[in-house]
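Engineer: Pasting a structure here, questions to come.
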Amino acid sequence: MKPSIFLLAIAIACAACNNKTPDTTVTDTSAATTKDTASSTTYIPVTSFLKGQLLILDSLPVTVLQTITTNNHTDSVWIKKEQVHTILAPFINTIIDEKLAAFFKQTKFNDQTIDAITYTHDATAALPDSVSIKHWDIYVNPETGKIKKVYIVKQLQQNGSHYTQQLTWQTDHWARMVTILHNPGGKSQLQSDTKLVWNFNDTP
């Protein structure tokens with residue numbers, strides 16, 4: 001447990017250091033959100049945070065509930081924690097760090113509707129073919145500086161088909177990965193929707 005606690009402290013410290021005293025004041029109280037782009041941008045190491053979350057999960061005495069939806073049919077099964085690494089490999093193995101962030105513009109929101117400071121990242125220009133990540137959001141608790149949720153979108157080509165994959169990670173609770181197939185002609189089809197839950201308490 002001690003190494004896991006140490007890594008958790010690092011993950012939280014990263015979030016706090018990269019979100020020093022976030023401005024949670026809403027200038028226009030009639031608006032749901034306010035936006036500003038930081039003049040001095042710092043980036044949260046998303047992949048390091050997710051890997052830290054997996055290490056914490058590995059240390060817990062739990063079994064993970066996997067729910068998979070394909071072709072409008074849903075199945076649920078209990079899986080070992082080790083399997084989570086394999087299932088989420090498409091995102092864990094795609095590194096989001098400052099090198100990748102150089103291609104993206106970061107915008108900061110104060111969203112009162114979800115009580116979070118939201119950092120969104122969108123490409124500033126055409127991305128190299130080697131970059132599959134197209135967008136990501138980080139939701140930070142304005143009081144603690146702790147990451148509440150991460151959302152990542154990536155696009156890829158496989159066997160001549162075009163796919164979009166989305167990962168939503170609710171800190172310390174669950175992860176959901178959605179794969180969408182884009183057919184010729186513009187139609188999209190849900191390929192799979194996988195949710196992994198290891199904490200069944202109310203999500204903070």
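Engineer: Quickly run through segment 80-101 and pick out the residues that are in contact (Cβ under 8 Å) with a residue 40 or more places away in the chain and of a type outside the set (K, R).
Structural biologist: Correct list: V84, I87, L88, P90, F91, I92, T94, I95, I96, D97, E98, A101.
Engineer: Check whether at least one residue in segment 123-132 is part of a strand (DSSP E or B), among the β-branched types (V, I, T) and touching a strand residue (DSSP E or B) at 6+ places or on another chain (Cβ under 8 Å), and report yes or no.
Structural biologist: no
Engineer: Output the number of the condition that D36 fails; it satisfies all remaining conditions of (1) open to solvent by less than 40 Å² (accessible area, probe 1.4 Å); (2) at pLDDT below 50; (3) touching a Lys or Arg at 6+ places or on another chain (Cβ under 8 Å).
Structural biologist: Here D36 clears every test but (1).
Engineer: When you check I117 against the structure, is it in contact (Cβ under 8 Å) with a residue 24 or more places away in the chain, surrounded by 14 or more Cβ atoms within 10 Å (Cβ to Cβ) and within 22 Å of L196 (Cα to Cα), yes or no?
Structural biologist: So I117 fails the test.
Engineer: Please go through segment 44-62 and pick out each residue that is open to solvent by 40 Å² or more (accessible area, probe 1.4 Å) and either in contact (Cβ under 8 Å) with a residue 40 or more places away in the chain or assigned to a helix (DSSP H, G or I) (or both).
Structural biologist: Scanning segment 44-62 gives S48, K51, L55, D58, L60, V62.
Engineer: Further question on the same structure: I'd like the residue in segment 78-98 that is surrounded by fewer than 17 Cβ atoms within 10 Å (Cβ to Cβ) and among the β-branched types (V, I, T) and, out of all such residues, is farthest from T194 (Cα to Cα).
Structural biologist: Per the stated criteria, the residue is I95.
Engineer: Assess whether N159 counts as being surrounded by 15 or more Cβ atoms within 10 Å (Cβ to Cβ) and either in contact with a helix residue (DSSP H, G or I) (Cβ under 6 Å, 6 or more places away or on another chain) or not hydrophobic (A, V, I, L, M, F, W, C) (or both).
Structural biologist: Answer is no for this residue.
Engineer: Follow-up. Determine if segment 64-77 includes at least one residue that is under 17 Å from the mean Cα position of the chain (by Cα) and either open to solvent by less than 90 Å² (accessible area, probe 1.4 Å) or within 21 Å of M177 (Cβ to Cβ) (or both).
Structural biologist: Looking through segment 64-77, none of the residues is under 17 Å from the mean Cα position of the chain (by Cα) and either open to solvent by less than 90 Å² (accessible area, probe 1.4 Å) or within 21 Å of M177 (Cβ to Cβ) (or both).
Engineer: Among (1) in a strand (DSSP E or B); (2) without any contact (Cβ under 8 Å) to a residue 24 or more places away in the chain, which single condition is K105 missing?
Structural biologist: Going through the list (1) in a strand (DSSP E or B); (2) without any contact (Cβ under 8 Å) to a residue 24 or more places away in the chain, K105 breaks only (2).
The values are calculated or read from the model by the stated rules, or taken from the named source; none is laboratory data. Being a predicted model, the structure only gives us computed values, none of them experimental. Neighbour counts are summed over all protein chains in view; Cβ atoms, including those assigned to glycine, are modelled from backbone coordinates with ideal geometry. For accessibility, only protein heavy atoms count, side chains too; no ligands or nucleic acids. Shrake-Rupley method; radii C 1.70, N 1.55, O 1.52, S 1.80 Å.
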